[in-house]
1. Answer yes or no as to whether W51 is at negative phi and not in a helix (DSSP H, G or I).
2. Just one of (1) within 24 Å of K355 (Cβ to Cβ); (2) open to solvent by less than 20 Å² (accessible area, probe 1.4 Å); (3) assigned to a loop (DSSP other than H, G, I, E, B) trips up V402, so point out which.
3. Tally the residues that are part of a helix (DSSP H, G or I) and in contact with a Lys or Arg (Cβ under 9 Å, 6 or more places away or on another chain), restricting the search to the range 276-298.
4. Would you confirm, using the coordinates I've provided, whether V60 is open to solvent by 30 Å² or more (accessible area, probe 1.4 Å) and either more than 20 Å from T366 (Cβ to Cβ) or part of a loop (DSSP other than H, G, I, E, B) (or both)?
5. Please count how many residues of the range 444-457 are out of contact with any helix residue (DSSP H, G or I) (no Cβ under 6 Å at 6 or more places or on another chain) and either surrounded by 15 or more Cβ atoms within 10 Å (Cβ to Cβ) or at pLDDT below 95 (or both).
6. Kindly check whether there is at least one residue in the range 379-388 that is over 23 Å from E441 (Cα atoms), out of contact with any Cys (no Cβ under 8 Å at 6 or more places or on another chain), surrounded by 18 or more Cβ atoms within 10 Å (Cβ to Cβ) and among the basic types (K, R).
7. Could you tell me how many of the residues in the range 479-504 are of a type outside the set (G, A, S), assigned to a helix (DSSP H, G or I), open to solvent by less than 30 Å² (accessible area, probe 1.4 Å) and over 15 Å from I418 (Cα atoms)?
8. Do we have W258 as surrounded by fewer than 18 Cβ atoms within 10 Å (Cβ to Cβ) and at pLDDT 95 or above here?
Amino acid sequence: MHASEFSAHISRQIFWGTFAITLLLKTVIAAGFPITGDEAFFYQWGVFPSWGYSDHPPMVGWLLALLRLGGDHPLMLRSFTLLVTSFIALGVVDVLRRLLPEDREASAWLAGAVYLAMPWSWMFVLVTTDTPLIFFMAISVWCYLRADTSADRGTGWYVLAGLFLGLAFLSKYFAALLGFAYAVHCFGWRRERWWAPLLIFVFALPSIAFNVAFNATHGWSNVMFNVFNRNEGSHWSFSTFAVYMAMAVYLLTPWLLWRAVASRLAPGVSATTARTLAVLWLFPLIVFALLSTRRTIGLHWVLGFVPIFVVWAGLRLEARALRRSLGWTVALSVPHLLVVAAVAWAPLSWWQPFKIYDRAVFLRETGAIVKALEQDLPAGATLMGRTYNPSAMLAFHHKQYVPVFGVGRHHARQDDQIVDFRRYDGKPIRVFLYDEPNLAEFAPYFGRVSLKRFEIDGVAFFAVDGEGFRYQPFHDNVLAEVAREFHDIPRWLPVLGNAFCERYGFAACSPGR
């Protein structure tokens, strides 16, 4: 079989067929897959719009504030997300059609189809901080490539690359890696454009400054989470490095990676441009590899750089190789699709033999659990959870904010920004738990405590009913530990405001400390 058999026309049909099928698949998943804990947590950001939030910059909160104007059905809330990878696939095709000679146009369409067929492309429907991050990263890279291949200085495109990089930064701090990749590329291989990273930084700076201003007046909550609290206790580990390397190969797919590395650049393609793409996807993955020696790297951290790799591969692979890679990628997607379908739609009884059955019931039947908790909720009582994940999911169905009762963990500390436990003093509180609690742990904070047990689909869930919440011991024990653990702000960071510490009188993390 010859490469010529794969005409641009046939390849275009394959792309648009893949585009339509994956878009339909994403729509079905977005409409039917249960709301997850992270989604429910970020949904509350949209319910309480602000210029900043606890863990990450605010972009996904702003996005959800707009989307929920159309309702809170999962399909509505995920509508923007499900379009992101489809949009990026169009960008992959556009870039390759610009860079490849006319007789290699088929490769452009097939590379776009391969990207769409990757499981992490059609499974990308959940609305999280990665939604705006990957969207704005993709636009920034597209603008950067337009500047890099421009016959003139490409100044306008660099300006746009900086503006969209700034918006990506307002989505998640990982966007900074793309900015560093720009700098490494220009300072290392495009020295005649040494000024480009500076120009990009200048136009990304308003977004960066906006976030810095929020942090300085809100206890450096984004910085404390991303730089300090989540990295405490990290240590050198070969296992996390090995897992990351396997995950990176898995994300890029072994067949596409191997074929691309083993192939030569297509005739007529600029080696300078190919080098640009190589730097933009390799540099971040190398940084992640270094970080993985000390901590676990999330699969979703790498997703924003996968399209750049696909474009790079598309410059090297003929249509025949891409067609084979598409077949292997579709085969890889099949077991992923079966798992997604099983989680979302298979009878819950299928999950009974597994240890995760209770979590499956909670995911699928959160609404029923909320109804059971609301059924005999004492007058004036507030529903709370023990950790952020169940609290957020309960809140989504309860239609009211559900705070975390306890110290919690280093992530998802939005309670510190908006919850005031003083207002619950003397009032009843119901705390939801997965497992049977030890009432002695709750007794110091209430006048009286009792246990509520109920079953959903054969799984027992629990709640502690506390009468007469005692704020002072809760302040002295729980809130004081929160201040010590999560608001231990380095002395070199100026604290111009910290709602949590000011509210509860913790001077060590308040302005003027």
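1. yes
2. Only one criterion is unmet by V402, namely (1).
3. Number satisfying all stated conditions: 1.
4. no
5. So the answer is 2.
6. No, the conditions are met nowhere in the range 379-388.
7. 1
8. So W258 fits the description; yes.
The values are calculated or read from the model by the stated rules, or taken from the named source; none is laboratory data. Bear in mind the structure is a predicted one, so any value in this text is a computation, not a measurement. Quick reminder, even Gly has a Cβ in these numbers, built from the backbone with ideal geometry, and neighbours come from all protein chains shown. In case anyone asks, the SASA skips ligands and DNA or RNA and just uses the protein heavy atoms, side chains included. Shrake-Rupley method; radii C 1.70, N 1.55, O 1.52, S 1.80 Å.
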